[in-house]
1. Could you sort out which of Lys52/Lys79; Lys11/Lys62; Lys61/Lys93 sit more than 24 Å apart by Cα distance in this structure?
2. Considering Cα pairs under 8 angstrom that are at least six residues apart, work out the relative contact order of segment 65-148 and quote it in whole percent.
3. What number comes out for the charge environment of Asp59, summing +1 per Lys or Arg and -1 per Asp or Glu over other residues with Cβ under 14 Å away?
4. Please identify every one of the GluC sites (Glu not before Pro) in segment 47-149 that sits in a loop by DSSP and has no more than 12 other beta carbons within 10 Å of its own beta carbon.
5. Report the local net charge at Gln3: Lys and Arg +1, Asp and Glu -1, summed over other residues whose C-beta lies under 9 Å from its C-beta.
6. When the Debye formula is applied to the Cα atoms of segment 1-117, each taken as the same point scatterer, what base-10 log of I(q)/I(0) results at q = 0.15, 0.18, 0.21, 0.23 Å⁻¹?
7. Run the Debye formula on the Cα coordinates of segment 65-148, all scatterers equal and no solvent, and tell me log10 I(q)/I(0) at q = 0.17, 0.19, 0.26 1/Å.
8. Neighbouring Cβ atoms within 10 Å as the yardstick, rank Lys61, Lys14, Lys51 fewest first.
Amino acid sequence: MMQTWFESKVKYMKVSESGNEQMVTENFLLDAVSFTDAEARMIRQMQQMVKKGEFAVMDLKKSRIAEVFPFEDGEWWFKATINLVTIDEEGGKEKKLRTYYLIMADDINEALKRLDESLSYLVIPYVVSAIAVSTIVDVFPYDPSETAIPEGFVPVEMAKENPIFTDGTNPFEENQEEQEIADEQEESTSEE
């Protein structure tokens with residue numbers, strides 16, 4: 001399944017290393033299925049990160065990043081641009097593709113080395129046309145536990161009782177069944 005990455009700008013009060021509080025706007029990247037899902041996930045992430053104070057999701061947009069290569073060690077996220085040349089089978093013309101990747105590393109040389117390792121599966125040649133430190137502070141990949149149904153909740157399609165009526169039965173359905181039976185009896189007596 002192809003991932004859809006969203007970039008989000010969030011404004012919040014951050015405590016610096018010196019202990020001072022300051023308002024900052026930072027960029028985050030997260031994997032989501034829609035804008036609504038991305039905003040909901042971003043809000044949940046920020047509620048965990050910002051224990052006190054308020055925050056605001058200032059911007060949310062689809063990212064052009066194709067893939068993220070996280071590593072255990074690394075202080076910065078580097079954004080790499082690569083160019084691929086493919087040949088269109090129908091027309092026989094060359095087609096140039098530009099693809100963006102995000103790699104975690106400590107410096108630009110390490111980022112380039114990790115990019116080459118991560119793209120070793122590609123069978124067509126590529127050229128790294130740009131690599132630079134990204135403004136993205138953190139990446140939140142998809143986590144299946146986030147989609148788990150909270151305790152005490154039951155999905156509507158799995159509910160055994162009718163959630164609209166307190167005793168679980170719809171009185172209109174009962175009346176309708178009784179009316180259909182009465183109509184059938186009436187028809188059979190009129191035919192005799």
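1. Beyond 24 Å between Cα atoms: Lys52/Lys79; Lys61/Lys93.
2. Over segment 65-148, the number comes to 38 percent.
3. Details: positive: Lys9, Lys11, Lys61, Lys62; negative: Glu7, Glu26, Glu39.
For residues surrounding Asp59, the net value is +1.
4. Numbers: sites: Glu54, Glu67, Glu72, Glu75, Glu89, Glu90, Glu94, Glu110, Glu117, Glu146; in loops: Glu54, Glu72, Glu75, Glu89, Glu90.
Filter output for segment 47-149: Glu54, Glu72, Glu75, Glu89, Glu90.
5. -2
6. These q points yield log10 I(q)/I(0) values of -0.85, -1.07, -1.21, -1.26.
7. -0.73, -0.84, -1.27
8. Lys51, Lys61, Lys14
Coordinate-derived values only; no laboratory data. Model, not experiment: these values are computed from the prediction. Heads up, the Cβs are rebuilt from the backbone with ideal geometry, glycines too, and the neighbour counts pull from every protein chain shown.
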